[in-house]
Amino acid sequence: MTGSNKKIRVLLVDDSAFMRKVMLGIISADPGMQVIGEAGDGREAVALAESLRPDVISMDINMPHLDGLAATEIIMSRNPRPIVIVSSESQEGARGTLSALQLGAVDFVTKPSSAINLDMNSVREELTRKLRTAAKVRVVRTATRPKTAQAEAILDAPQTAEKAAAPAARPANGAAAGERCPLVILAASTGGPAALMRLVPNIRRDFPAAMVLALHMPASFTGQFTEQLAEASAIRVKEAAAGEALCPGTLYVCPGSHHLRISAAGNIQLDDGPRIAGYRPCADATLESAAAWAGPMATGVILTGMGNDGARGALAVKEAGGYVIAQDEATSMIFGMPQETIRAGAAHDVLALDAIPAALEKRVLYLRGALKVGAL
């Protein structure tokens, strides 16, 4: 983290000299930041990250010699620095960006479709804001994460065993869709993809609750993220569709273009209306509707992210007799959303990320038992 009177030192990585010039102009125009180095490929990025020790790195994905994904993995394994991915919104760009986030990158900015000065100026505020925020993030080594082929060769890691093929998505655990069942709502923003890729694969296939995810992510990325999360998880993971009934053993991912609410009949409602308090999807809207439908069978989980989305909804879950978990500061990339939930008095428990799956299972099994004896 930089001192209050020091400029944020940025390493700029992009294979296009023109793009670097445009971004240099944008970053240099911010009085609180300065570009201390430029790299035209991933190899240069790795070397400069080590020698210059920047406060934050702006990282392209598609580059020669060593791409941004492999460079991110090497930097986060050897000499971790906060990284903001700047990439296209194409399917290939989305896949690479999401993989980089899972490897420890803090955030991302989507490049306009045509890389001209005017287009990059359209993301000027987003780029500088995310670089400033990322520079404050505590980063850790991520050497235990799966290696890309390029990074593995450079790191000379002994990891050669092939992973077993991920199980195909399976139907839920036999419970009827739409029946009254425990409901878990996950809410996340900055740092969310990496946190979810650790949390959700630890949920068992026959988890006896329906799960809904409200993640602050553009619509062009949520479909790809859903696919990657499904490949890594035992529980069924799918993008939510309007009108479908909630079913235990399934995680429904809200499309980034919509808000998601639960109807009185237990069906998914999608609303592409304007942002709510600056967010779409808005976790508060999802949590409040879940509290109204599920009451004491609702469980809210507020994960890493900027802002206060989820705090009001978590309080609604608590007031309806439900249960709320906030991710702890030590394992949160950004403690904003969990902290606001705690400040609102909504959290029953504050847990490390890796402790959340067991807590969810314990809670859901308790609710299932209570349902059997008619206590709910």
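The values are calculated or read from the model by the stated rules, or taken from the named source; none is laboratory data. For clarity, every value in this text was computed on a predicted model and none was experimentally measured. Don't worry about glycine lacking a Cβ; one is built from the backbone with ideal geometry, like all the others, and counts go over all protein chains shown.
Selection of helices (runs of 4 or more DSSP H) fully inside region 1-92 by the criterion of at least 1 residues being under 21 Å from the mean Cα position of the chain (by Cα) returns 68-78.
Residues that are farther than 21 Å from VAL22 by Cβ and among the hydrophobic types (A, V, I, L, M, F, W, C) were ranked within region 53-85; the one that is surrounded by the most Cβ atoms within 10 Å (Cβ to Cβ) is ILE75. Among the criteria (1) on the phi > 0 side of the Ramachandran plot; (2) crowded, with 23+ Cβ neighbours inside 10 Å, the one LEU287 does not fulfil is (1). Among the residues of region 289-309, those identified as under 16 Å from LEU360 (Cβ atoms) and not polar (S, T, N, Q) are ALA290, ALA294, PRO296, MET297, ALA298, GLY300, VAL301, ILE302, LEU303. Of ALA311, ALA245, ALA264, ALA330, all but one fail to be in contact with a strand residue (DSSP E or B) (Cβ under 9 Å, 6 or more places away or on another chain) and either farther than 24 Å from GLU126 by Cβ or not assigned by TED's automatic domain parsing to the domain that holds THR222 (or both); the exception is ALA245. Taking region 265-376 as the region of interest, the helices (runs of 4 or more DSSP H) fully inside it that hold 2 or more residues being under 20 Å from HIS216 (Cβ atoms) and over 17 Å from the mean Cα position of the chain (by Cα) are 283-294, 311-319, 336-343. Of the candidates ALA294, ALA264, the single residue that is free of Cβ contacts under 8 Å to residues at least 60 places away in the same chain and of a type in the set (A, V, I, L, M) is ALA264. Does LEU251 fit the bill of being within 16 Å of the chain's Cα centre (by Cα) and either of a type in the set (Asp, Glu) or assigned to a strand (DSSP E or B) (or both)? Spelling it out, LEU251 is indeed within 16 Å of the chain's Cα centre (by Cα) and either of a type in the set (Asp, Glu) or assigned to a strand (DSSP E or B) (or both).
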